[in-house]
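Read through the structure below, which is laid out as structure tokens, and then see the notes.
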Amino acid sequence: MDGPSKEEEEDSTFTNISLADDIDQSPRILYPRSQSLLPKMMNADMDAVDAENQVELEEKTRLINQVLELQHTLEDLSARVDAVKEENLKLKSENQVLGQYIENLMSASSVFQTTDTKSKRK
């Protein structure tokens, strides 16, 4: 075997013609400016995304804290409403007892008894 076999010759021809042309025209050679700016642009974009994410995170944190504060306020108000309802029921019950007591006193007292005015005049 003095020279390359037919398969090797076809492979080298393919490699030399097709692949060599592709390698020589790599994106680095065709687009040197955009590729050199790409890391800077990516860094600037990442910084902008990081800043946006930071702003969004701060806004979410603020909103979560506000929601939690409103929940606590609602719980406090709900507890206050329950306490007022209980106090109201207690006072109604006391008023009923006092009302019944006053009625009993009035019925037992002669001052509040109805009198027959005709019989006294005779």
Item checked: Matching residues, segment 23-53, being modelled with pLDDT of 75 or more and open to solvent by 90 Å² or more (accessible area, probe 1.4 Å) -> Asp47, Glu52
Item checked: Cβ-Cβ under 8 Å pairs, at least 6 apart or on other chains, segment 102-119 side of a type outside the set (A, V, I, L, M), far side modelled with pLDDT of 80 or more -> Phe112/Met106
Item checked: Failed condition for Glu75, given (1) assigned to a helix (DSSP H, G or I); (2) of a type outside the set (Phe, Trp, Tyr); (3) open to solvent by less than 100 Å² (accessible area, probe 1.4 Å) -> (3)
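The values are calculated or read from the model by the stated rules, or taken from the named source; none is laboratory data. Nothing here was measured: the structure is a model prediction, and the numbers come from that model. Reconstructed Cβ throughout: ideal geometry from the backbone, glycine too, with neighbour counts over all protein chains shown. The area values use the complete protein model at the heavy-atom level, side chains included, leaving out ligands, DNA and RNA. Shrake-Rupley method; radii C 1.70, N 1.55, O 1.52, S 1.80 Å.
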